[in-house]
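Structure first, commentary second.
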Amino acid sequence: MPKITYIDSTGTVRTIDAEVGSTVMETAIKNDVPGIEAECGGACACATCHVYVDEDWRAVTGDPSPMEEDMLDFGFDVKPNSRLSCQIKVSDALDGLVVRIPERQA
Ligand code: FES
């Protein structure tokens with residue numbers, strides 16, 4: 001099972017086993033990771049699942065789609081490595097992925 005590490009804005013680190021085929025958002029919600037709200041349930045329609053992808057992982061997770069880019073405009077403190085975690089599908093290639101959670105969601 002791929003492991004995903006979530007680091008919240010206070011520096012608390014949580015490393016979680018993720019199911020292949022789920023998303024980084026679903027894994028966070030299922031495991032009560034604070035700071036990811038996911039109000040729209042993963043439809044790319046709320047921007048409350050915003051995370052920062054660790055620089056080492058940006059090439060693996062890829063760039064946001066145009067639709068995700070549009071939604072990210074509503075995110076809080078968006079940066080070049082911002083992604084919506086509901087749009088990152090878990091695969092074996094993401095084993096070891098590190099994402100940081102913003103101080104707050106939009
Ligand atoms: S859960 Fe709403 S955009 Fe990701």
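The values are calculated or read from the model by the stated rules, or taken from the named source; none is laboratory data. For clarity, every value in this text was computed on a predicted model and none was experimentally measured. All Cβ positions, glycine included, derive from the backbone under ideal geometry; neighbour counts span all protein chains shown. What goes into the accessible areas is simple: the full protein's heavy atoms, side chains included, and nothing from ligands, DNA or RNA. Shrake-Rupley method; radii C 1.70, N 1.55, O 1.52, S 1.80 Å.
Only Lys, Arg, Asp and Glu carry charge here, each on its Cβ (+1 for the first two, -1 for the last two); on that basis region 1-68 has a dipole of about 100 debye about its Cα centre.
Simple spin-label estimate for SER9 and SER91 gives 3.2 nm between the two label positions (7 Å along the Cα-to-Cβ direction from each Cα). Per residue, the accessible area of the chain comes to 52 Å², computed with a 1.4 Å probe over protein heavy atoms only. Heavy-atom surface analysis with a 1.4 Å probe gives the chain a carbon and sulfur content of 48 percent of its accessible area. A convex hull fitted around the alpha carbon atoms of the chain yields 85 Å³ per residue.
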